[in-house]
Amino acid sequence: MESRQVRDAKSGEPAVLAYASAVLSAIAMVFIVMNIRAGPLTSGVFIAAALLCLSLQHAGIGSRERSRDRDRDRVTSGVRRRG
């Protein structure tokens, strides 16, 4: 059986932050169902972290394609291009 990865729609890279968001949401659900508070860690903290991961994934932060563009811009920033 072949395993399937969740991929970003724009870059085609694996959606790692989406996986992290799913895990954080699952932890938050466990905290809610079992009524757990571990010091400052509450279900609200995990929900906020999950939403942060989703927003970063949506913005393209953490994708390999974005970092390649940044590296290319850094290398070519001092070079003038002829029109």
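Observations
- The distance between label points at I61 and V23 comes to 1.8 nm (points 7 Å beyond Cα on the Cα→Cβ vector).
- Spin-label model, V30 to L51: label points 7 Å out along the Cα-to-beta-carbon direction sit 2.3 nm apart.
- Surface per residue (accessible, 1.4 Å probe) for the stretch 16-65, Å²: 67 Å²
The values are calculated or read from the model by the stated rules, or taken from the named source; none is laboratory data. Since this is a predicted model, take the numbers as computed values, not measurements. FYI the Cβ positions are ideal-geometry reconstructions off the backbone, even for glycines, and counts take in every protein chain you see. Heavy atoms of the whole protein, side chains included, go into the accessibility calculation; ligands, DNA and RNA do not. Shrake-Rupley method; radii C 1.70, N 1.55, O 1.52, S 1.80 Å.
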